[in-house]
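Written below as structure tokens is the structure these notes are about.
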């Protein structure tokens, strides 16, 4: 079981292609759930994209609206590109699909960090094909579908990390 003293935050990164739909939503939902459990001082949460097209932009308007309807603000987030340095910095890197998994692991030239990188939906109680679909080119229902996937997966992931790092003792 990992040991993480209270002064040492658990660093979690969510990754998708452009960092404007899926990964900022996962960051926002996970941050929201962490806050609800009173664990915000135990986590460092961020998101990134494997591509650079949207660097500096806020999350997609449709994703922000979908998240807001569910009480999850994505305010203040700006897209950034995933870098090889992220492999070393973060304890856990959760990617949205197999292409992102490939692109992230491609930057692990010495094969040192693969144990940190997982498909996000490995924690989904209903994993389907283990990929979070990209809603960018779809309609409103695609964004709702992605929200449902991310919300249930983030809940399960948080429960798993709380147990793995024995965080229940710190919240009692």
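Each Cα pair under 8 Å and six or more residues apart adds its sequence gap; the mean of these over the residue count of the stretch 12-166 is a relative contact order of 27 percent. Centre-to-centre separation between the Cα atoms of the stretch 68-146 and those of the stretch 7-42: 11 Å. By the count of neighbouring beta-carbon atoms within 10 Å, fewest first, 102, 89, 32, 54 end up ordered 102, 89, 32, 54. Cβ-Cβ distance of residue 52 and residue 141, R₀ of 35 Å, FRET efficiency by 1/(1 + (r/R0)^6): the value works out to about 0.75. Let me make sure I get this right: for the stretch 82-167, a, b and c are the square roots of the gyration tensor eigenvalues over alpha carbons, sorted descending. Under 1.5 in a/c it's rounded, otherwise prolate if a/b > b/c, else oblate. Which is it? In terms of gyration-tensor shape, oblate.
Sorted from fewest to most neighbouring beta carbons within 10 Å, what does the list 50, 156 look like?
Arranged by neighbour count, lowest to highest, 50, 156 become 156, 50.
Here the relative contact order of the stretch 75-172, from alpha carbon pairs under 8 Å that lie six or more residues apart, stands at 22 percent. Stretched out straight at 0.36 nm per residue, the stretch from residue 98 to residue 75 would grow longer than its current Cα-Cα span by 5.5 nm. Per-residue Cβ neighbour counts within 10 Å put 20, 149 in the sequence 149, 20, beginning with the fewest. When the Cα atoms of the stretch 12-166 are aligned to their principal axes, the ranges along those axes come out at 42, 37, 31 Å in descending order.
Each value in this text was obtained by applying a stated rule to the coordinates, not by laboratory testing. Because the structure is predicted, anything quoted here is derived from the model rather than measured. Ideal geometry is used to build each Cβ from the backbone, glycine not excepted, and the neighbour counts take in all protein chains shown.
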